[in-house]
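Heads up, the thing below is written out as C-alpha cells.
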Amino acid sequence: MKDARLALRYGLAGMVSNTGEGVLIRAQGPCSSLRAFVKALKDEVPRSACITSIEQRYIEAQPGRKGFVILASQAGGERKVLISPDVAVCRECISKLLDPEDRRYGYPFINCTNCGPRFTIIESMPYDRPGTSMKVFPVCKECAKEYHDPRDRRFHAQPNACWTCGPSLFWHGSNGEFVPSADPVSNAVKALRQGHIVAVKGLCAKAGQNAMEISSDTGLRWGSEKYPLPRKGQGGIPQPAHRGHGRP
Ligand SMILES: [Zn+2]
Ligand SMILES: [Zn+2]
C-alpha cells in the first residue's frame, strides 16, 4: 500500500481500497499536495508494480475529515487488475536474511512489499492474504505489527511471514520419508553437487497443492507440464509449507 504511505507523506485525508478493477483512492487536501501525491504515484512505482492508467476526477471534500485509512478490499466488478509476477528477493531482504541479529536470519521465505511471491500464491482477486495460499498461515504479533505500520517496508505485504508464523522447509529422503534436518537448503545443495536429483514441493495456487511433483513413473510434473526424470543418482525432496514440525 505504497499509495497510503504517499498520502500520509503529503498530509492528505481519505481512503484507499483494492477492487477487482484496480485501486480506488479518495484523497482530500490542498491542491498542491494532491498534485504532488499524483506525481509521486507515477514516479515512485514499486519495483513489482506497473500502473497501466490513472483516472482522476474531483469530488466534494468532506469537512473535518482527518487521517488516511485502508478499507477492506471490494470484490466483484470487472476484473482489470494485472496479477503481479513473483519477484526475486530484494537487497534489503537479503541483508536481513544474512544478519544474525535479525529475527528472520536464514528464513528461506523472507519477503517484503518489494519482493516475494505474488502470481504463484494468488487464488482470487483482489489480492489479499485470504485470497492466497498463505491464508493457512495466520501472522504472528510481530508480523502483524509490520503489516499495519505504514512506515514499515512490509506494510500490507500479503505474504509477510517469519520463523514463528510462516511456512518452513523440511527435508525428505528419496523414498519420501521425513528426515530431521536443521538446514534443508544445505542438504539440497549437497545432494545436487553429488549429482543427485532434488525436487521442490510446496504450496502453490496454480498447481493444486504442489509447485512441483516427482514420481519415479512419470518424472517431474509442474501443473500440466511433465518432464522425464533423469536416471542418475538418488533424489532428496525438501518440502516447504508443511506445518507442525517446528523450526527446521
Ligand atoms: Zn524484500
Ligand atoms: Zn511472523
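What to note about this one:
- Ranking of His196, His148 by neighbouring Cβ atoms within 10 Å, starting from the fewest: His148, His196.
- Over the stretch 60-167: Rg over Rh, Cα atoms, Kirkwood Rh: 1.02
- Anchor Lys190: aspartates and glutamates whose Cα lies under 20 Å away (excluding residues fewer than 8 positions away in-chain): Glu177
- Order of Phe178, Phe68, Phe155 - criterion: other Cβ atoms within 10 Å of each residue's Cβ, fewest first: Phe178, Phe155, Phe68
- With a threshold of 22 Å on the Cα-Cα distance, the over-threshold entries among Lys135/Lys201; Lys96/Lys145; Lys66/Lys135 are Lys66/Lys135.
The numbers here are math on the coordinates, done by the rules we state, and not lab data. This is a predicted model, so every value here is computed, not measured. Cβ coordinates were reconstructed from backbone atoms using ideal geometry, including for glycine residues, and neighbour counts include every protein chain displayed.
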